[in-house]
Amino acid sequence: MKTKLSILILFISVGLFAQEQKMTDAEIASFKQDVNVVAKKIKTLSTDFVQYKHLDFLSKDIETSGKMVFKEPALLQWQYKKPYNYSITFKNGKILINDEGKKSAVDIGNSKIFARINKLIVGSVSGNMFDDKEFTISYFKLKGQNLAKFIPKDATLKKYIKQIELTFDKEEATVVQVKLLESSEDYTRIVLKNKVINAKIDDSVFTN
């Protein structure tokens, strides 16, 4: 029985390993070029999302959903609609929060860490964040997808975010999933779907 179990575990491990293969230098260059070409064309983007918050002490992930809207160069809003109404808007160097009608604002300029996180979020949405100065980046191939893993080099940022994983659709070269791993075993996974690119979005959408 132990032998059969060991063989089963081995097959599962090999199967999981086979799903994620490291890219060659040529594949990395081609992938980055494809993503950057698409990112430069994105002027606006709106997408539905489902967010899964994994907390180590809970048996089930916390699931929320809503809509994300982006307009270049740096207007960004996350609208949580289920199970509660909550929005976070990045605009004019501020983070605007609307929690069921209770409004507040944080000045990004007063905090380098907020500024870096804002840059990360905008970059993850547009796909334009391959900065070797800021991150140690590794690239992998998946079935029908590409995966880029970013480890922050800045020690302060690393206290908040241990690693960022961006999953890209191989054909469209756009982000379909964002995973933020915290310094603990907790993480946030955001799945993007029903994307609409370059539709007209008025600035009034980004009011708090």
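For each pair in Lys82/Lys143; Lys71/Lys143; Lys22/Lys82; Lys53/Lys195; Lys119/Lys159; Lys102/Lys133, compute the distance between the two Cα atoms and list the pairs where it is over 28 Å. Write out the running numbers ahead of the final one.
On the way: Lys82/Lys143 31 Å; Lys71/Lys143 30 Å; Lys22/Lys82 37 Å; Lys53/Lys195 22 Å; Lys119/Lys159 17 Å; Lys102/Lys133 38 Å.
Over 28 Å apart, Cα to Cα: Lys82/Lys143; Lys71/Lys143; Lys22/Lys82; Lys102/Lys133.
With one equal scatterer per alpha carbon and no solvent term, the Debye-computed log10 I(q)/I(0) for the chain at 0.08, 0.14, 0.16, 0.18 1/Å reads -0.31, -0.93, -1.20, -1.48.
Averaged per residue, what accessible surface does the chain expose to a 1.4 Å probe, in Å²? Walk me through the intermediate numbers first.
Values: 12600 Å² over 208 residues.
Each residue of the chain exposes 61 Å² on average to a 1.4 Å probe.
Per-residue accessible area (protein heavy atoms, 1.4 Å probe) orders Phe130, Phe57 as Phe57, Phe130, starting from the largest.
With contacts taken as Cα pairs under 8 Å and at least 6 residues apart, the chain reaches a relative contact order of 22 percent.
Taking trypsin sites (Lys or Arg not before Pro) as exposed when their DSSP state is a loop state and no more than 15 other Cβ atoms lie within 10 Å, the longest site-free interval of the chain runs over 61-132. Taken one residue at a time, the phi angles of segment 195-208 give Karplus couplings (6.51, -1.76, 1.60, θ = phi - 60°) of 6, 10, 10, 6, 7, 5, 10, 6, 4, 5, 4, 9, 7, 7 Hz. Gly and Pro are set to x.
What is the percent carbon and sulfur in the accessible area of the chain, measuring with a 1.4 Å probe over the protein chains and ignoring ligands? Could the numbers behind the result be given before it?
Working: 6970 of 12600 Å².
Its accessible area is 55 percent carbon and sulfur atoms.
The values are calculated or read from the model by the stated rules, or taken from the named source; none is laboratory data. The shown structure was predicted, so the numbers you read here are calculated from the model rather than taken from an experiment. We place every Cβ from the backbone using ideal geometry, glycine too, and count neighbours over all the protein chains shown. Protein only, heavy atoms only, side chains kept; ligands, DNA and RNA dropped before computing areas. Shrake-Rupley method; radii C 1.70, N 1.55, O 1.52, S 1.80 Å.
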